[in-house]
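Take a look at the structure set out below.
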Ligand SMILES: Cc1ncc(COP(=O)(O)O)c(C=O)c1O
Ligand SMILES: Cc1ncc(COP(=O)(O)O)c(C=O)c1O
């Protein structure tokens, strides 16, 4: 799954060129505002991602038969990761999303920058997204 | 209390001349048979010395107003220590016994040869003898 | 200040290591655990290399040496904590010590309707055992709240609550706020009302010389690893009266007098509560930690940590977006500063500080009810110890300022 | 025999020390505790000098390193014991592990009239907790006797007793006799009768590779210090079913999910039973011990110890006044020889042996009921391990012969 949508591919390349880990964080922070946002008043237990040190919520739906997620978190790094994830999954067929692996994290050299709990939280989020995509594709 | 009865004084001097710890043990073993013996069938809970790894029993009484002890133990080293103690206390006024300190152990260089529990057991025994001597002197 | 910090730092091998690509380690997580001086590490190595054997009922040379060193450790620690060997029970730490009070003493001596008074400032270790016991024994748990502005206990509520209480359990020094509670007042009032009183000194013992006799508490709990000692060891200090009232908790070898298949009888004193092969190397290391601390003036140590906390708290309080909890460094605190930034998540902030070499803790610090009182689920926490310098505090402040500029 | 004992000995610094005025140490007290290889000592030193920090919820570098090393230790040990990390609960040793089974599992799952089956061969650690629980819960304790001549369990009585039993607790290998019990047979019969089964592997783990999954026991208990690891650590292996049936024992930090003043919820799995700051350095040292052992063939280790025990027992059995208990070295024992002389008191004999450099244990070995069965209150016990040599065994035999000549 090395073929990511162009906007994500561009971001991956930007990250690859950066060697200072603080700069990578800064870029993630900037991406936070570009998430397809799930506003705080839509956060609830049902869309909460568990196993995260921070509050993180994700809503998934179909638009014209294509997968679409929105997300929100109280930590900008998490929200930045959500923004990247949106680029990776939104607009795809749900079946396709259900089979995605989040290899972009490694391609961006982000793995080492994340704390174990962030890393864990991200994997939980991605799994949740895939599970929802599976459900949505079955409902089709 | 550096003045011990002649027979004990002799034994102390014998011990002082010995440098091999094993030889000291051997001498203690030989002394075991010279205790004023309390035969096994007179051993009971009442005359048992507590806090000893081995069984050790002591009976104290007055003979013509003078203190007299008999002892028995299942360990020969303990019985050897009893034999020495007999030499130290028997035939004295009970009041005198009540005030004795068992300095002969150090004079004989035995301290380092005894295991902590043997050492402890000996001190318990000596304390018991002094307590009984006190009682006997009060009964006079 | 007569502490020679540079020379003190040389005693701690870990302080010369670097992290995050060559940054000097600035270790500011001392309330979680302190670092260990070389002498403590060496004492354990020496034990394992030269005297290791199982203790007690010992005849052979190694066993005699190990027993002597283990029991000498008990003496050293008892003296350091202002008590005697008959009042010191080795545990694996404060958590086990509090559990021992709950299951060994309270379970045998309290019943339905009895009240245990705790506070909102307690560590989970001083909350959960009481909840489990309360469930089993229908005991009531009463809670003294915290005044959030000052980060202190509401002593009016305390005094109004203590009258009909059987057991008072209070943390001496908060691990989140650094607050030192008025334990003299608490102990006096508890005693007057006829309650037993347990003081959790996990955070106090590293900063104050605990004087168990002088304090007049019934129980005091201590963790070795928070006062330069090894992991896996701590102790419960308890009055002889209380020890006599305690029932066995953990049982097995060493704590018995005689075992038959019908019935067992137990040792008296601390031994009754120390089942199994003891933490021998750990006890020796723990005693060495007390010996290391005894070279220094604990009052100066405390003033030093407090000054660093006060300076840090005053300096970061004015940074944009920063909230500091309680009043660190005011009064008699223990060198802890808890804070949050309003937009940088605590965990990310900790990560950014780590990238600069600064080790600070993030989370609920095992004190969720206290954090609830502040309406937060985690804080960033720096905590100073004897080997930290004003230079480190300033570098921390500067790096935090830089992070806020960049990410705030 | 392909064990290179001379090279193995060089791994153990203590083996080159002398005792009793220059005598080479001959350490024959391995059933009490084994010595530690340099790599185990170094692993703990390295942890303290380079990575010491409190674990879990960790963001900063040291805390991440400490957490990683601690959890890697769990993985290493789980693999070594034939199970997974979700089935391994760290304890301070076998004693705490058995207490955890008693208070965490049995107390929650057994009630009046339920039967716990133990044996006369048990260590006090596997007797006293059941007595305390029986008293509280009106549980019946049933005891399988030992056949004293062979030093084995009376399996006829076992099979006749196991039918209506809820829990079977049996020592895998006796610390007094070295007997390896037919645990496969015991486990199969227990399972068939629907009983849970706990195997005390304190003495087994140093001599056999424990395969928890293969054994099919419900609980297995292990002490680190008896298998080249540090003091203060061990573990309970438990099936997931049993872990799910267990109630918290020790409570406090780390074992909770959420704490409020009204109610707490708990973690699942091993974490629920690991309250407070863990034994971090100890876990790392324990895992290093497993790694050290993994260099050697455990079958050869076992055969080696057994051969030394067999030779020693055969040689001293014929000395005047000596009684050897059980049948050391026969079948599948663990290198333990318990004996007495008929006139030299056990303690004095141990002292005389110590004067020759020989470290052997004396006493009731925390197994008074077993000694009662033999009509004695203590024995002398030598116990061999991988680093002992036939030369040491022969020197021991010769010195014993000499002592008997002199004092017997
Ligand atoms: C068979 C057996 N069970 C239990 C124990 C208790 O182990 P620990 O003292 O390490 O808790 C021992 C060791 O003393 C033992 O040999
Ligand atoms: C105030 C307080 N009480 C109790 C504890 C628990 O101590 P330990 O984890 O060493 O058992 C801690 C430390 O974590 C603490 O800070």
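Coordinate-derived values only; no laboratory data. A quick note: this is a predicted structure, and the numbers were derived from the prediction, not measured. Virtual Cβ from ideal backbone geometry, glycine too; neighbours counted across all protein chains shown.
Computed on the stretch A:6-137, with alpha-carbon pairs under 8 angstrom and 6+ residues apart, the relative contact order is 29 percent. Look at D:29, C:114 and count the other Cβ atoms within 10 Å of each Cβ; fewest to most, that gives C:114, D:29. Where chain B is carried onto chain A by rotation, the Cβ closest to that axis, with its residue and distance in Å, is B:116, 25. Per-residue shielding of C:255-266, expressed as the average number of other chain Cβ atoms within 10 Å of the residue Cβ, stands at 5. Averaging the Cα positions of each part gives two centres, and for the stretch D:297-336 and the stretch B:2-24 these lie 41 Å apart. In this calculation the C-beta distance from residue B:62 to residue C:188 is compared with R0 = 56 Å, giving a FRET efficiency of 0.50. Largest GNM mean-square fluctuation across C:259, C:197, C:128, computed for chain C with C-alpha springs under 10 Å, falls on C:259. Inter-copy label distances at residue D:137, using a point 7 Å along Cα-to-Cβ, come to 1.9 nm with the shortest given first. Starting from the label point of residue C:84 at 7 Å along Cα→Cβ, the same points in the other copies fall at 5.4 nm, in ascending order.
Between this copy and the others, label points of residue A:26 are 8.7 nm apart in ascending order, each placed 7 angstrom from Cα in the Cβ direction. What is the Cα centroid distance between the stretch D:377-398 and the stretch C:137-191, reported in whole angstrom? The two parts, judged by their Cα centres, are 58 Å apart. A crude spin-label estimate for the pair residue D:68 and residue C:150, with each label 7 Å from Cα along the Cβ direction, gives 4.6 nm.
Taking every alpha-carbon pair in the protein assembly as shown and binning the separations at 10 Å intervals from zero gives 2, 10, 17, 20, 19, 15, 9, 4, 2, 1, 0, 0 percent. Taking only the C-alpha atoms of chain D, the Rg (one decimal) and the largest Cα-Cα distance, Dmax (whole number), read 21.8, 72 Å. Across chain C, the relative contact order, built from alpha-carbon pairs under 8 Å that are at least six residues apart, equals 23 percent.
Take the alpha carbon gyration tensor of chain A, find the square roots of its eigenvalues, order them as a ≥ b ≥ c, and report rounded if a/c is under 1.5; if not, report prolate when a/b exceeds b/c, else oblate. Taking the square roots of the gyration eigenvalues as a ≥ b ≥ c, chain A is oblate.
A crude spin-label estimate for the pair residue A:123 and residue D:258, with each label 7 Å from Cα along the Cβ direction, gives 2.4 nm.
Of all chain C residues, the one whose Cβ lies closest to the rotation axis that maps C onto D, given with that distance rounded to whole Å, is C:232, 2.
To make sure I understand, if each residue's beta carbon is the centre and we count other beta carbons within 10 Å, what order do D:341, D:402, D:311 fall in, fewest to most?
Listing D:341, D:402, D:311 from fewest to most nearby Cβ atoms yields D:402, D:311, D:341.
The label point for residue C:5 and the one for residue D:15, both projected 7 Å from the Cα toward the Cβ, are 4.8 nm apart. Averaging Cα coordinates gives a centre for the stretch B:56-129 and one for the stretch D:194-243; these two points are 49 Å apart.
GNM remark for chain C: springs join alpha carbons under 10 Å apart, and the peak mean-square fluctuation among C:269, C:357, C:113 falls on C:113. For chain D, the longest principal axis of the C-alpha atoms and the axis of helix D:183-192 are separated by about 40°. Compared with the dominant Cα axis of chain D, that is its longest principal axis, helix D:280-294 is turned about 50°.
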